[in-house]
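The values are calculated or read from the model by the stated rules, or taken from the named source; none is laboratory data. Keep in mind that what you see is a predicted model, and the values were worked out from it rather than measured. Counting neighbours? That spans all protein chains shown, and the Cβs are built from the backbone with ideal geometry, glycine included.
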Amino acid sequence: MTSLRTRERLIQRLMDQGVSDYKVLDVIRSTPRHLFLDEALSHRAYEDSSLPIGYGQTLSQPYVVARMTEVLLAAAGGKLSRVLEVGTGSGYQTAVLAQLVDQVFSVERIKPLQDKARQRLRELGLRNVQLTHADGGFGWPSMGPFDGILSAAAPQFVPDELKQQLAPGGVLVIPVGGQQQYLHLVIRDGDSDRFITQELEPVKFVPLLSGTTR
């Protein structure tokens, strides 16, 4: 279930689909994805598929996690210091980011999911993550600006609040849409209010909902 051979098969699938950043692939390989699932589903942890984590949320497909992370790093052109994650969920994407950037600030609207993610991240010894229970569509203004923002939920339109929390030259990777969703890359043009947007590929995410749940 969690053998090196099983993980290597997953890495090969990701490479076959075009993921080429070896730092990202190494982190995916070494991060125990089975720990981010309930025990009943842990045997499916290294499939390249999204899996339910309760509360109508999912653990993203490994390809999508790898692809979004790769795009974020490449578009930033190097080292990322402060990254905002919208939608902590199980904490898996958070854990991947935490091993590749200096600091991760992650927002989750569903308190029980956040509590589980906090415990998992603590068990993995990832100390460069700060979590907050809040409406992710508003980002985390008091901790900004951010060099990078990654959203694990899809709004109908890119929230202006998130764009305004990008540092000069900052990068936002976010799924956008309803029935049809596309991954978008948004780059802040210097310190101006001009944003360069690129549509990358079709994806399927849970919707970005407003409000919080305890």
| Can you tell me which residue in region 128-140 is farthest from residue 198 (Cα to Cα), limited to those that are surrounded by fewer than 18 Cβ atoms within 10 Å (Cβ to Cβ) and modelled with pLDDT under 95? | 134
| request: Please determine, by comparing only the residues of region 1-43 that are in contact with a strand residue (DSSP E or B) (Cβ under 9 Å, 6 or more places away or on another chain) and without any contact (Cβ under 8 Å) to a residue 24 or more places away in the chain, which one is surrounded by the most Cβ atoms within 10 Å (Cβ to Cβ). | output: 41
| request: With the checklist (1) within 25 Å of residue 82 (Cβ to Cβ); (2) of a type in the set (A, V, I, L, M); (3) in contact with an Asp or Glu (Cβ under 9 Å, 6 or more places away or on another chain) in hand, flag the one item residue 59 doesn't pass. | output: (3)
| note | By residue number, the members of region 88-113 that are in contact (Cβ under 8 Å) with a residue 40 or more places away in the chain, assigned to a helix (DSSP H, G or I) and among the β-branched types (Val, Ile, Thr) are 96
| note | Within region 173-183, the residues that are in a strand (DSSP E or B) and surrounded by fewer than 21 Cβ atoms within 10 Å (Cβ to Cβ) are 177, 181, 182
| task | Report, by residue number, each residue of region 158-180 that is closer than 21 Å to residue 56 by Cα, over 16 Å from the mean Cα position of the chain (by Cα) and touching a residue at least 12 places away in the same chain (Cβ under 8 Å). | result | 177, 178, 180
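Taking region 1-42 on its own, how many of its residues are part of a helix (DSSP H, G or I) and either within 25 Å of residue 125 (Cβ to Cβ) or of a type in the set (Lys, Arg) (or both)?
Residues flagged as part of a helix (DSSP H, G or I) and either within 25 Å of residue 125 (Cβ to Cβ) or of a type in the set (Lys, Arg) (or both) within region 1-42 amount to 26.
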